[in-house]
Amino acid sequence: GGATVYGVIRTSRRGRGLGAAVLALLALLAVGAPGARADEPLPGEPLTPAAAAEELDEARAALAGEAPELDVTMELRDLALALPYLRGSERREALALLARPPTCDPSPCPVHKDGGPGLVRWSVADTANRDDDATDHFRIHWVTTGPHAATPAFVAQLKVLAEHAYDVENTALGWPEAKPDNGIGKDDKIDIYLADLCDPGVRCLFGYAAPDPSVPGCSAPTFRCAAYMVLDNDYAEFQGPDEALQATLAHEYNHVLQFAIDQAMDQWVFESTATWIEDHVFPDANDWVRTYVPTWARTSRRPITHAGNSRQYGSAVWNHWLASRFDPDVILDTWLGARKTRPKHFGVKAYQRAVRRAGGVGFEREFVHFAAATAEWRAPSSPFPDRDEPKFIDVRRLGTLRPGRRETFKLNHTAYALKRIKPQGARRLRLVVRAPKGTRSGIALVGRRGRPRTGEVVREVRYLQRGGKGRVTLRSARRFRRITAVVVNADGRLRSKGFRRSYAHDRREYTVALRGR
């Protein structure tokens, strides 16, 4: 019990109290490292035995809390994709990691002591005292004795919240039903297992979702998985236990729905979507702002496509932007169209297709306008929810531009930089950029009159379809309290049509100059 948080990670959701190595990584993110992870198992690309074994190692480490930078839901997803390439004892161990509580075969699971992988399995004695109860769409499983025991009051609370998550995600937002699991948990309702996921001093998991490879269709060619959830049995160890339960439930349930649509979608789309939907299901929880927005606001030079760190959750702001520009259907349509991209399951192209179907121009142009909007994203005209939260901080400015000055820097794909503007008395400001030829880019000057949360904002934005030279002009510059320059590498194209996510427009050089009159 209590509210102390011990080096917490919520998987697949959060990281706190991180070690020196992870803090060093966050420092690297702020200055912009190369693009997305290229080592994820992807459909159509057979894994070597060594690569498949690495996925097993990472899933084991994630469940055991040995690697807080790893995301349990995504590591189990990757392990399910790697499963066809594992043999013998490694395959048996992988199936044990993917197995539901309480047991796996052989029992106890041959991975960790004290009952199973990641210490989330019920003991044999406690399993004899298991119970379950069902709502219209969920079946909740728990034990009544031992450290994993759940109280009737907690189960009753979870039943109400789970049905609310269904009402919002499936009924209001229109997401398709979860894939049936052939009655593994007594029936085809979505199974939620409760366990004590917090081991103070070691790791605390808020919860996770896992694909179930025992149900056909999880591997090629369909990549449509049945899935289940494991949630903490009381959330007593976490700050704001009610909010922690709500955000985790909404997030992990969305992963269950995602697995039914396309298990092989890019990881950053998995996590940014599930974080985005939290605010629709439980708008007062606001966990996504407190946990992810501060890091996201410091790392604009990191590609939005990057997987494997907390930025992918903060990229929920991108989905909030798109949903405000069109409607929430554009996010679901991104998922439903993922198999129609080239290559398949490619997040950037899935967004491109969905935006065009919604009446927009495409991913890159929207990304330029999105980047410009984040320069003053706390203003009254901003489409971002929860912007009055204290943790909804300014996106970091990287340096200062003055009239007559020129600067050159590099940007990776789907990344951008904000620069402070010192007008030095100029009445009119012109931002001139020389973008890399052939790289889809954009620039903007953003002026704000008044205070951050109450002021009026003016944006002058230009999209450069083929890169090259471009300019934008901001008139009556003296009326603004703050002016920001925005330079965007919006290009999300790949080097080839293969399944490796090797992006073609990383480390592109931009030269910007400011002129004043």
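The values are calculated or read from the model by the stated rules, or taken from the named source; none is laboratory data. None of these values were measured; they are calculated from a predicted model. Neighbour counts run over all protein chains shown; Cβ positions are idealised from the backbone, glycine included. Accessible surface areas use protein heavy atoms only, side chains included; no ligands, DNA or RNA. Shrake-Rupley method; radii C 1.70, N 1.55, O 1.52, S 1.80 Å.
Quick notes on this structure:
- Counted residues, region 153-182 - those being more than 21 Å from the chain's Cα centre (by Cα), surrounded by fewer than 16 Cβ atoms within 10 Å (Cβ to Cβ) and over 17 Å from Asp136 (Cβ atoms): 2
- Test: Phe346 is farther than 20 Å from His251 by Cα and open to solvent by 10 Å² or more (accessible area, probe 1.4 Å): no
For every residue, the table says whether it meets (1) more than 23 Å from Ser502 (Cβ to Cβ); (2) touching a residue at least 60 places away in the same chain (Cβ under 8 Å); (3) surrounded by 22 or more Cβ atoms within 10 Å (Cβ to Cβ).
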residue	(1), (2), (3)
Ala350	no, yes, yes
Arg356	yes, no, no
Gly362	no, no, no
Phe370	yes, no, yes
Ala375	yes, yes, yes
Pro380	yes, yes, no
Pro385	yes, yes, no
Ile393	yes, yes, no
Arg397	yes, yes, no
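- Among (1) closer than 18 Å to Leu205 by Cβ; (2) buried (at least 24 other Cβ atoms within 10 Å of the Cβ), the one test that Ile277 misses: (1)
- Restricting Val457, Val461 to residues that are touching a helix residue (DSSP H, G or I) at 6+ places or on another chain (Cβ under 6 Å) and either among the polar types (S, T, N, Q) or under 28 Å from Phe384 (Cα atoms) (or both) narrows the list to Val461.
- Those strands (runs of 3 or more DSSP E) of region 124-232 in which 3 or more residues are in contact (Cβ under 8 Å) with a residue 60 or more places away in the chain occupy 190-195, 207-211, 227-232.
- Residues of region 467-482 satisfying the condition of being closer than 14 Å to Val433 by Cβ and in a loop (DSSP other than H, G, I, E, B): Gly467
- Of the strands (runs of 3 or more DSSP E) lying entirely inside region 345-455, the ones with 3 or more residues being within 26 Å of Gly314 (Cα to Cα) and either charged (D, E, K, R) or out of contact with any Cys (no Cβ under 9 Å at 6 or more places or on another chain) (or both) are found at 397-401, 406-411, 415-421, 441-449.
- Failed item in (1) of a type in the set (Phe, Trp, Tyr); (2) more than 30 Å from Pro343 (Cβ to Cβ); (3) at pLDDT 95 or above, with Phe206 passing the rest: (3)
- So Thr473, is it of a type in the set (Val, Ile, Thr) and touching a residue at least 60 places away in the same chain (Cβ under 8 Å): no
- When region 465-492 is filtered for residues that are surrounded by 18 or more Cβ atoms within 10 Å (Cβ to Cβ), within 28 Å of the chain's Cα centre (by Cα) and farther than 22 Å from Arg396 by Cα, only Gly492 remains.
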